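The numbers here are math on the coordinates, done by the rules we state, and not lab data. None of the values given here were measured: they were computed from a predicted structure. As a convention, Cβ positions derive from the backbone with ideal geometry for all residues, glycine included, and neighbour counts pool all protein chains shown.
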Amino acid sequence: MKILVIGSGGREHALVSALGKTGNNIIYATPGNPGIFELATEANINSAHFDEVAVFCKTYGVDMVVIGPEQPLADGISDYLQKKGIAVFGPSEMAARLESSKAFAKAFMVRHGIPTAKYKEFYKSNVDEADRFIDALPTPIVLKADGLAAGKGVIIAETHTEAHDSLHEMFNGQFSTAGDTIVIEEFLEGEEASVFVVCDGMDFVVLPAAQDHKRIFDGDKGPNTGGMGAYSPAPIVSPSMRDKIVNKIIRPTLKGMKDENMPFVGCLFVGLMIKDGEPKVIEFNVRFGDPETEAVLTLLDGDFSQLLYSAAKGKINKSAVSVIRDTYACCVILASNGYPGTYNKGYEISGIGEAYAHGGEIFQAGTKFFNGTIVTSGGRVLGVTGRGKTLQSAIDKAYECADLIKFEGKYNRTDIGKKGLNLKETERK
Ligand code: AMP
Ligand code: GLY
């Protein structure tokens, strides 16, 4: 099969790696990165120009396009390519609103009885009402810009004053037009988990649950980032919790989307908060998550390309992949010192080969070629994944491999996966 992957991060490197595992697949990628181009051929096109993508697919006989990030999906790439007769793994523009409009997603969940935080949506025109709503809520208070804001559109205000200030900043254009509508919701306590569901419009396959680490410092301190590491399977999602998530969230979501004439085809990313044995949806995303993908996909055996292709064609092959038994994966992100604020780049990276030889899988994100070497070019530089028979051994392998990789200003958290180790037996119900 010939597959074109769109995107350039660690998630796409992991996707390309999983799709390429089946011997006879030919993979193209754009914009890609040096790690991706060790496994895939560069497609010299601008993926924001959908017509160029379609022409490339026709010229090279591409069987399926796999979309990594949310923006092209929200912009309608899936609809455009499908009209040209090209199979796409990724939802339509309408279905992508589960991520691209938080107000849409919340109203959808209420319509279909899917458990989520209580909320209300507000527009610039009713700012006074929004201020009064904030005054009536206990703190912390969660404010969300409706539209896509590169993962930065969620504010957790600790005080009422902070909530009012954030509201006014958002309405004054802090997130551009993404903040013209704002969702204000109750703060949920509990433990977070990410569940990826590969969907064909109605039927689905649930992949092993993962846990992300969004804050920059150990102990979940400091500002939010794109994600500093992940591990899978996350013990918080026990078999009985998984069943609850399937019955209370995944089935009603897919049925609701189909009934409302926007069947969901692609990866539904269910971001959950779990408390007292009950899951609630914090957010939906309409694509694989980063860095969870760099852990989750290393746990799959079989033909991942068949899983995505059969879903894209509307009849998912549920036995295309299996989950490797009794195995854990842990991905540690190596970042540039200063991230998510300002940082320097252009530093040579060494040790990737050694880390690989030691049994790690190295996924490149913020890297580029320069004068024949690979140098840093972004905040999150590499994802280093280790696997093992226990969560502890997967964590150890990831950190041993991460230590073999060197570049100036390298920074990583030292506690990825710890939450999974610390989970009390009573919480694993
Ligand atoms: P998002 O950008 O929607 O992924 O939200 C970023 C992070 O904000 C989530 O991963 C949660 O940690 C946190 N968050 C979002 N909504 C809530 C909520 N209602 N209660 C508690 N935490 C939340
Ligand atoms: N790991 C969170 C995300 O991809 O949005």
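Worth a mention:
- Choice from GLY90, GLY68, GLY372 showing the highest fluctuation, given a GNM over the chain with Cα pairs closer than 10 Å: GLY372
- Long-range amide H partners of SER377 with built H, under 5 Å: GLY346, THR367, LYS368
- Size of electric dipole in the stretch 81-228: Cβ of Lys, Arg +1 and of Asp, Glu -1, about Cα centre, debye, nearest 20: 600
- Taking the number of Cβ atoms within 10 Å of each Cβ as an exposure proxy, the fewest-first ranking of GLU52, GLU185, GLU292 is GLU52, GLU185, GLU292.
- Potential lengthening between ALA357 and VAL55 on full extension [0.36 nm per residue; Cα-Cα distance subtracted]: 104.8 nm
- For the stretch 384-420, backbone nitrogen atoms closer than 20 Å to the point 7 Å from THR342 Cα along Cα-to-C-beta are found at 408-411.
- Fewest-first sequence of ILE45, ILE324, ILE405 by Cβ atoms within 10 Å of each Cβ: ILE324, ILE45, ILE405
- The stretch 312-340 residues near the modelled LEU421 label - backbone nitrogen below 19 Å, point 7 Å along Cα→Cβ: 327-334
- When the Gaussian network model of the chain links Cα atoms closer than 10 Å, the mean-square fluctuations of PHE133, PHE171, PHE363 top out at PHE133.
- Distance between modelled label sites at LYS118 and ARG325, nm, 7 Å Cα→Cβ extension: 4.7
- Which of PHE196, PHE56 has the fewest Cβ neighbours within 10 Å, and the rest in rising order: PHE56, PHE196
- Per-residue 3J(HN,Hα) values for the stretch 232-244, derived from phi via the Karplus relation 6.51 cos²θ - 1.76 cosθ + 1.60 with θ = phi - 60°, read 7, x, 8, x, 4, 9, 6, x, 6, 5, 4, 4, 4 Hz in sequence order (x marks Gly and Pro).
- Full-stretch length increase - THR373, ASN126 - with 0.36 nm per residue and alpha-carbon distance subtracted: 83.5 nm
- Neighbours of ILE316, meaning other residues whose beta-carbon lies under 10 angstrom from its beta-carbon, give a summed charge of +1 when Lys and Arg score +1 and Asp and Glu score -1.
- Charge tally in the Cβ shell below 14 Å around PHE50, where Lys, Arg are +1 and Asp, Glu are -1, PHE50 excluded: -2
- Highest-fluctuation residue, PRO140, PRO263, PRO69 considered, GNM on the chain with Cα pairs under 10 Å: PRO140
- Rh by Kirkwood over Cα pairs, then Stokes-Einstein D for the stretch 146-303 at 0.692 mPa s and 37 °C, µm²/s: 192
- What the phi angles of the stretch 92-99 give under the Karplus curve with 6.51, -1.76 and 1.60, with θ = phi - 60°, is a coupling list of 5, 4, 4, 5, 5, 5, 4, 9 Hz, glycine and proline written as x.
- In this structure, the amide hydrogen of LEU300, modeled 1.01 Å from its nitrogen in the peptide plane, lies closer than 5 angstrom to those of ILE324, counting only residues at least 5 positions away or on a different chain.
- Our coupling estimate for the stretch 184-191, obtained by passing each phi through the Karplus curve with A = 6.51, B = -1.76, C = 1.60 and θ = phi - 60°, is 10, 9, 5, 7, 9, 9, x, 10 Hz, Gly and Pro reported as x.
- The label point for ASN224 and the one for ASN46, both projected 7 Å from the Cα toward the Cβ, are 3.0 nm apart.
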